[in-house]
1. Restricting attention to the stretch 126-137, report how many residues are at pLDDT 95 or above and of a type in the set (Ser, Thr, Tyr).
2. Do you know which residues across the stretch 63-95 are among the polar types (S, T, N, Q) and under 27 Å from Leu40 (Cα atoms)?
3. With the condition kept exactly as written, say whether any residue in the stretch 120-138 is surrounded by 11 or more Cβ atoms within 10 Å (Cβ to Cβ) and more than 26 Å from Leu213 (Cα to Cα).
4. Among the residues of the stretch 199-210, is there at least one that is of a type in the set (Gly, Ala, Ser), touching a helix residue (DSSP H, G or I) at 6+ places or on another chain (Cβ under 7 Å) and within 22 Å of Ala72 (Cβ to Cβ)?
5. Of all residues being among the polar types (S, T, N, Q) and surrounded by 17 or more Cβ atoms within 10 Å (Cβ to Cβ) in the stretch 40-65, which is modelled with the lowest pLDDT? Just the residue, please.
Amino acid sequence: MLKDFETEASRYHKGVFARKREELLEKVDGRLKALFVGQLSAAHKAGVTHFTDAVTETVRLGQKKGNYDFAAIVETEKKAALGKFDGEARGVLVQNAPWSNYTNQLDLFTQDLDVVSAKLRQEEMRRLASRIERWVKTRLAEGISLEFNSIGTGRGGSGAPGDAQKPASEKDLWDRVWKGFTDTVEHAQGRFTERARGFDATPNEVEVGLWRLLRKSWAALRAKIEEEVMEGNIMLKLREKYVEVILLLDVVY
């Protein structure tokens, strides 16, 4: 286009020709710059969307299989996204144009990928915490129920101790409940920390997650104990033990 202009406009006054040529160059340069920036902006937006979808889908498939490395998935998809963005930028590059250096755009794209990665990691951390909290609640409920159900199972299951001492099922009840709680929480915290490292979580994220897990565990412990010592439940357990004694007496006599 510039060559055609020079051929057609060469008959004009040199000053006019030079001015018109400069105006044309500015318009062409401005148009090319706008197209270049527009292409990079579109590549940026599409790249972030594709990265988000790719990580989410790969994690979903990994969850179905029960085995996946979140940090490795993010790293792989990030490398692919950066490579594609760089390739698209090079494809619309205008050599020697002062605005054709896309380093800043690449940096912004990288930053956005990191922001998305952090958000996805936080979602994974929340899901992990929820799974482990449910596991803790179930384990505590089962363990505490067993301990309270064993109350009154004295000599021969009659509910009456053979001497003046309380049976072990009653004497060490709270010690066993506490040990069951601490063992369960310790195991849960270990699982959480190990999996969180696989998510490439920050030390602060791990610390907050462990604090929340402990708080939820305390709440589960208190709720289960309060449930077990409710008057209705205590009366039910006493009634069951009474029936056991009556049935045993019938068998003996």
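1. 0
2. Selection gives Thr76, Gln95.
3. Residues of the stretch 120-138 surrounded by 11 or more Cβ atoms within 10 Å (Cβ to Cβ): 120-138.
Within this subset, residues satisfying the condition of being more than 26 Å from Leu213 (Cα to Cα) are none.
Within the stretch 120-138, not a single residue is surrounded by 11 or more Cβ atoms within 10 Å (Cβ to Cβ) and more than 26 Å from Leu213 (Cα to Cα).
4. Scanning the stretch 199-210 turns up at least one residue that is of a type in the set (Gly, Ala, Ser), touching a helix residue (DSSP H, G or I) at 6+ places or on another chain (Cβ under 7 Å) and within 22 Å of Ala72 (Cβ to Cβ).
5. Going through the qualifying residues, I end up with Thr58.
The values are calculated or read from the model by the stated rules, or taken from the named source; none is laboratory data. Because the structure is predicted, anything quoted here is derived from the model rather than measured. Cβ atoms come from the backbone with ideal geometry, glycine included; neighbour counts cover every protein chain shown.
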